[in-house]
């Protein structure tokens with residue numbers, strides 16, 4: 001746990017958002033090895049603007065060691081259109097540079113985001129991980145997170161063009177979706 005003594009968690013400042021956006025591009029590069037379709041460089045400007053807003057709102061924390069940025073976490077309280085039983089906070093991004101993973105930096109960043117969201121009124125916290133990223137999923141499970149919702153995808157090329165596939169199938173699928 002050497003990282004505990006030398007790594008400091010600090011709120012991001014507007015001047016930090018360019019380097020955080022660069023780390024986000026690295027995060028996306030890693031996610032693409034697990035099936036993500038996001039394009040890091042193509043979305044960098046939009047994400048940079050989002051991080052600038054998060055920095056101003058206090059919803060972007062950095063893990064620093066001296067002048068080195070080792071990771072970040074972004075989060076927000078949900079203000080969606082739907083009324084919910086619980087107030088939900090969301091961890092939108094959590095990233096630690098690969099060479100420093102396993103040192104507890106990600107846990108410290110997640111702890112800090114959870115505390116901030118709880119302080120803002122969240123009673124539950126959500127986050128996402130790529131289905132194929134077993135390391136991330138295992139990390140979140142050890143932190144008490146459990147799957148809540150599953151997203152299914154299908155390539156359009158596999159859609160039956162005449163709409164007859166499955167008409168007489170008894171595949172056990174519920175009627176009406």
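The values are calculated or read from the model by the stated rules, or taken from the named source; none is laboratory data. Fair warning: this is a prediction, and the values are worked out from it, not measured in the lab. Every residue, glycine among them, receives a Cβ derived from its backbone with ideal geometry; neighbour counts consider all protein chains shown.
The figures follow:
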{"read-out": "Region 151-177: number of residues that are surrounded by 10 or more Cβ atoms within 10 Å (Cβ to Cβ) and either modelled with pLDDT under 60 or under 29 Å from residue 127 (Cα atoms) (or both)", "value": "1"}
{"read-out": "Test: residue in region 142-150 that is in a loop (DSSP other than H, G, I, E, B) and modelled with pLDDT under 85", "value": "no"}
{"read-out": "Scope region 90-135; condition closer than 20 Å to residue 152 by Cα, outside any strand (DSSP E or B) and without any contact (Cβ under 8 Å) to a residue 60 or more places away in the chain; matching residues", "value": "128, 129, 134"}
{"read-out": "Yes/no for residue 83 being surrounded by 17 or more Cβ atoms within 10 Å (Cβ to Cβ) and either out of contact with any helix residue (DSSP H, G or I) (no Cβ under 9 Å at 6 or more places or on another chain) or in a loop (DSSP other than H, G, I, E, B) (or both)", "value": "no"}
{"read-out": "Subset of region 54-80 (residues that are more than 17 Å from residue 18 (Cα to Cα), part of a loop (DSSP other than H, G, I, E, B) and in contact with a strand residue (DSSP E or B) (Cβ under 7 Å, 6 or more places away or on another chain))", "value": "78"}
{"read-out": "Any hit, region 95-102, residues being crowded, with 16+ Cβ neighbours inside 10 Å and more than 19 Å from residue 32 (Cα to Cα)", "value": "yes"}
{"read-out": "Residue match in region 25-48 (condition: in contact with a strand residue (DSSP E or B) (Cβ under 7 Å, 6 or more places away or on another chain), under 24 Å from residue 138 (Cα atoms), surrounded by 12 or more Cβ atoms within 10 Å (Cβ to Cβ) and touching a residue at least 12 places away in the same chain (Cβ under 8 Å))", "value": "yes"}
{"read-out": "Search result, residues across region 51-75 that are surrounded by fewer than 21 Cβ atoms within 10 Å (Cβ to Cβ) and on the phi < 0 side of the Ramachandran plot", "value": "52, 53, 56, 57, 64, 65, 67, 68, 69"}
{"read-out": "Subset of region 4-32 [at pLDDT below 90 and more than 15 Å from residue 45 (Cβ to Cβ)]", "value": "4, 5, 26, 27, 29, 30, 31, 32"}
